[in-house]
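To start, the structure under review is shown below, and the notes come after it.
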Amino acid sequence: MPSGQKLWEGVYAMREMINMIVVLTVLTTFSGGLLAAVKSKTQVRIENQVLKFQKAPAIKGIFPETTNDPLAERFNVKTENTELQIFPAKLSDGAKAIAFETSGTGFGGSLGLMVGINLDTDTIVGVRVTTHSETPGIGSRAKDNLSFVSQFSGKGLDTVFAVKADGGAIDAMSGATVTSKAVSLAATQAKEIYQKLKPEIVKQME
Amino acid sequence: MAQSLAKEFTKGLWAEIPPFRLVLGLCPALAVTKSLENGIGMGIALTFVLVCSNLFISLLRTIIPSKVRIACFIVIVATFVTIVELLMQAYAYELFLTLGIFIPLIVVNCIPLGRAEAFAYKKGPLLSIADGLGLGIGYGMSLSALASVREILGNGTLTIWGGTPAFTLGPDFLPFKFLLTAPGAFVGLGLMLCLMNLIGKK
């Protein structure tokens, strides 16, 4: 039998621990709820801002000259679990193209890639990095310096989009291998999505 | 009461002004002060986080068990930092693009955490708000001062808000590019601290 004092010490330790667990649980629950509320309130505005400041310049970079307005004519195509936003473009030479966004995992988290594909020739028109949280000056060069992403322009969809170390056709940026791989992965994903959804997209564009 | 409130508020503006006197929050101070706009933006973001986290930690100071207080502080600070990040994305996206990674880093830049531990956990809510407001505004002022010097001398422009420079030094001005680099920021910071010490000595 423990003595009375020891028993009380045990009870106090137990109470202290339960107290800690309860406080932390309540605090994190409250914080999670608050963040969810703020997020749902700001979501629409943030999507509009991303469209204006990230997607629009990316699309403009991929298709410098279009005879239509890809942003205004955007439509959604259903994939297995989400909806994909498609930006249709009519190029100045009469060819039809589309742009849509895919993502890969970079050094600092998710990395968005806008991919433009020519519907007539099935080639990549161009790609641009949109939202990212890569290291400034290192991984962020994927967005600021076009020499890396311009490698993708004009490539057919039979190209292996992977860095050369992985047996692909893409020169990685020195010092930013993870970012280069993330961009390649996003491009590969875009290729797969395109091959699966092309009939549906063409149908919707008519 | 009003006197001590004023004291806690004004100490953040000179006697304990971050990052010069407190020497906390140096990382964003060096990184974002390439233009005045960024300095102001960072100051506003930090003031909001500091006031809110100080208030909540002070209100909860009797409830938070001292053994897990750091974990609780981080949860509270991180919540408000995420709120600032979301609000900035929704209402000032261009600023978010340039401040980018330094907003989430407010969580670990030690000013909110340091104030929570050294002040808000021991004092009442009103004093804590005054402390947070003073230090936040002080930080914004320091960043703005440093950013103005760096932007004017390093780039020949001064951008107050909205991305377009409020004024530009003429084409004859040769920008002192060194000030825009990270070592330039250190030198600028050191010179300003030196100036502050000279004034304080009198």
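The values are calculated or read from the model by the stated rules, or taken from the named source; none is laboratory data. Remember, it's a predicted structure, so these values are computed and weren't measured experimentally. Positions of Cβ are backbone-derived with ideal geometry, glycine not excepted, and every protein chain shown enters the neighbour counts.
What do you reckon, is B:Asn54 among the polar types (S, T, N, Q), at pLDDT 85 or above and either out of contact with any Cys (no Cβ under 9 Å at 6 or more places or on another chain) or closer than 27 Å to A:Gly32 by Cβ (or both)? Against the criterion (among the polar types (S, T, N, Q), at pLDDT 85 or above and either out of contact with any Cys (no Cβ under 9 Å at 6 or more places or on another chain) or closer than 27 Å to A:Gly32 by Cβ (or both)), B:Asn54 qualifies. There is at least one residue in the stretch A:37-56 that is of a type in the set (A, V, I, L, M, F, W, C), within 30 Å of B:Thr62 (Cβ to Cβ) and either more than 10 Å from chain B (Cβ to nearest Cβ) or in contact with a helix residue (DSSP H, G or I) (Cβ under 7 Å, 6 or more places away or on another chain) (or both).
Evaluate the following for A:Glu73: is it in a loop (DSSP other than H, G, I, E, B) and buried (at least 21 other Cβ atoms within 10 Å of the Cβ)? So A:Glu73 fails the test.
Applying the set (1) under 30 Å from A:Ile46 (Cβ atoms); (2) in a loop (DSSP other than H, G, I, E, B) to A:Ile117 leaves exactly one unmet item: (2). Only a single criterion out of (1) at pLDDT 85 or above; (2) under 30 Å from A:Val129 (Cα atoms); (3) out of contact with any Pro (no Cβ under 9 Å at 6 or more places or on another chain) is not satisfied by A:Ala99, namely (3).
If I filter the stretch B:166-180 for residues that are of a type outside the set (Phe, Trp, Tyr), more than 14 Å from every other protein chain (Cβ to nearest Cβ) and in a helix (DSSP H, G or I), do I get at least one hit? Full working, then the answer.
Here is the first cut: in the stretch B:166-180, the residues of a type outside the set (Phe, Trp, Tyr) are B:166, B:168-172, B:174-175, B:177, B:179-180.
Right, trim to more than 14 Å from every other protein chain (Cβ to nearest Cβ) and you get B:166, B:168-172, B:174-175, B:177, B:179.
After this cut, where a residue has to be in a helix (DSSP H, G or I) as well, the list is B:177, B:179.
The answer is yes; a qualifying residue exists.
Filtering the stretch A:127-156 to residues that are more than 14 Å from A:Gly106 (Cα to Cα), out of contact with any strand residue (DSSP E or B) (no Cβ under 7 Å at 6 or more places or on another chain) and assigned to a loop (DSSP other than H, G, I, E, B) leaves A:Gly137, A:Asn145. Of the candidates B:Leu87, B:Leu97, the single residue that is within 10 Å of chain A (Cβ to nearest Cβ), within 22 Å of A:Leu27 (Cβ to Cβ) and not polar (S, T, N, Q) is B:Leu87. Being in a helix (DSSP H, G or I) and touching a residue at least 24 places away in the same chain (Cβ under 8 Å), is that true of even one residue in the stretch A:3-16? No, the stretch A:3-16 contains no residue that is in a helix (DSSP H, G or I) and touching a residue at least 24 places away in the same chain (Cβ under 8 Å).
Kindly provide the set of residues from the stretch B:63-75 that are more than 7 Å from chain A (Cβ to nearest Cβ) and not basic (Lys, Arg), ordered by number.
Answer for the stretch B:63-75, where residues must be more than 7 Å from chain A (Cβ to nearest Cβ) and not basic (Lys, Arg): B:Ser66, B:Ile70, B:Phe73, B:Ile74.
Screening A:Phe63 on (1) farther than 30 Å from A:Phe148 by Cβ; (2) more than 11 Å from chain B (Cβ to nearest Cβ) shows it passes everything except condition (1). The one condition from (1) within 14 Å of chain B (Cβ to nearest Cβ); (2) of a type outside the set (Ser, Thr, Tyr); (3) in contact (Cβ under 8 Å) with a residue 12 or more places away in the chain that A:Leu84 does not meet is (1). Within the set A:Lys90, A:Lys78, the sole residue that is surrounded by 13 or more Cβ atoms within 10 Å (Cβ to Cβ) and either modelled with pLDDT under 95 or within 21 Å of the chain's Cα centre (by Cα) (or both) turns out to be A:Lys90.
Which one of these is within 13 Å of A:Leu113 (Cα to Cα) and surrounded by fewer than 18 Cβ atoms within 10 Å (Cβ to Cβ): A:Gln189, A:Gln204? Lay out the reasoning, then the answer.
Working: A:Gln204 fails: within 13 Å of A:Leu113 (Cα to Cα).
Sole residue among the options that is within 13 Å of A:Leu113 (Cα to Cα) and surrounded by fewer than 18 Cβ atoms within 10 Å (Cβ to Cβ): A:Gln189.
Regarding B:Cys72, is this residue on the phi < 0 side of the Ramachandran plot, crowded, with 18+ Cβ neighbours inside 10 Å, in contact with a Leu (Cβ under 9 Å, 6 or more places away or on another chain) and not acidic (Asp, Glu)?
Numbers: on the phi < 0 side of the Ramachandran plot: yes; crowded, with 18+ Cβ neighbours inside 10 Å: yes; in contact with a Leu (Cβ under 9 Å, 6 or more places away or on another chain): yes; not acidic (Asp, Glu): yes.
Yes.
Being assigned to a strand (DSSP E or B), in contact with a His (Cβ under 9 Å, 6 or more places away or on another chain) and more than 24 Å from A:Thr67 (Cβ to Cβ) is a description that applies to A:Gly112.
From the list B:Ala78, B:Ala92, which residue is modelled with pLDDT under 90, hydrophobic (A, V, I, L, M, F, W, C) and crowded, with 17+ Cβ neighbours inside 10 Å?
Selected residue: B:Ala92, the only one of B:Ala78, B:Ala92 that is modelled with pLDDT under 90, hydrophobic (A, V, I, L, M, F, W, C) and crowded, with 17+ Cβ neighbours inside 10 Å.
Answer yes or no: is there a residue in the stretch B:33-50 that is of a type in the set (Asp, Glu), closer than 30 Å to B:Pro183 by Cα and free of Cβ contacts under 8 Å to residues at least 24 places away in the same chain.
Within the stretch B:33-50, the first condition is being of a type in the set (Asp, Glu), and the residues that meet it are B:37.
Next cut, closer than 30 Å to B:Pro183 by Cα only: B:37.
Those still in the list that are free of Cβ contacts under 8 Å to residues at least 24 places away in the same chain too: none.
No, because not a single residue in the stretch B:33-50 is of a type in the set (Asp, Glu), closer than 30 Å to B:Pro183 by Cα and free of Cβ contacts under 8 Å to residues at least 24 places away in the same chain.
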